[in-house]
Amino acid sequence: MRRLIFILLSIVLVTESSAKGLKVMGGLNLSRYSGTINGENVWKLRTGFAIGVGYEIAFSSHIAIEINEFYIQKGSREEYREDGLYNYTINYALNEISVPILLKVRLRADSSPYILAGGELSFILSHKYIIEEGLEIGLIRPDAKSAYYGLVFGCGFDWEIGSISPFIEARYQLSLTNILEVEPPSYRPRAIVFLIGLKL
C-alpha cells in the first residue's frame, strides 16, 4: 500500500511538471523523539537530510495549497549514563517518505515572506538502532508502526525572478503518533527542517 501511494503521488507530481508550480527542494533536518524518563529528557538531536518535490496550487496571489513528497532521514539519539558517567549512545535511524499537505499564505503578491500550516502522512521505510560503542546494529521490533501522521508548521521567503522562484524555508514537524508502543519513553518524531529550492 505504501509503495502504491508513493507511485501514484510521483506520477501526479511529474505530470504537472510542465506547469508553473512544480517545486524541487532539499536541505538539512534536526530531529529527535519526544518523552522523558523520571522527568529527564533522554532524547538528543540527530541530523539528517531531506530531498523532495512538490506542487503548489494557487487560488489567488496570496493563498495556495501545497502538496509535497519527501525522502527524509529522521530519528534520535539516546544517551545512557550511570552515576553521572558517560557509557554509550544509541542512534535511532528513521528513514521515511513524508507527504505533507499544507496551506500557504503569502504576505505579498510578488517576492514575499509566507507561512505554512497543515498535516503530513509519513510512511516508514526503515527504522533501526546503532549502538556506537561496539557498532552493534539492530532492527526495531516488528510491532512498530509502518506509518504515522502529524502536524507541520513553517515559514519561508520566495523571490520572483523571471520564470523561476528560488526560496528558503524552515518547517517544524510534530508527530501525533507514538511509532513504537514502549513506555517510557515516547517515540514520537519531531523535526526542524531547513530547505532551499526552486519553484519552476
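Details
- Scanning the range 104-134 for residues being among the basic types (Lys, Arg) and either exposed (fewer than 15 other Cβ atoms within 10 Å of the Cβ) or at pLDDT below 90 (or both) gives a total of 2.
- Single residue of 21, 26 found to be at pLDDT 95 or above and surrounded by fewer than 19 Cβ atoms within 10 Å (Cβ to Cβ): 26
- When the residues of the range 56-103 are filtered to those that are among the basic types (Lys, Arg) and more than 19 Å from residue 152 (Cα to Cα), the one that is modelled with the highest pLDDT is 77.
The values are calculated or read from the model by the stated rules, or taken from the named source; none is laboratory data. Note that the structure is a prediction, hence the values are computed from the model and not measured. No Cβ is skipped: glycine too gets one built from the backbone with ideal geometry, and neighbour counts run over all protein chains shown.
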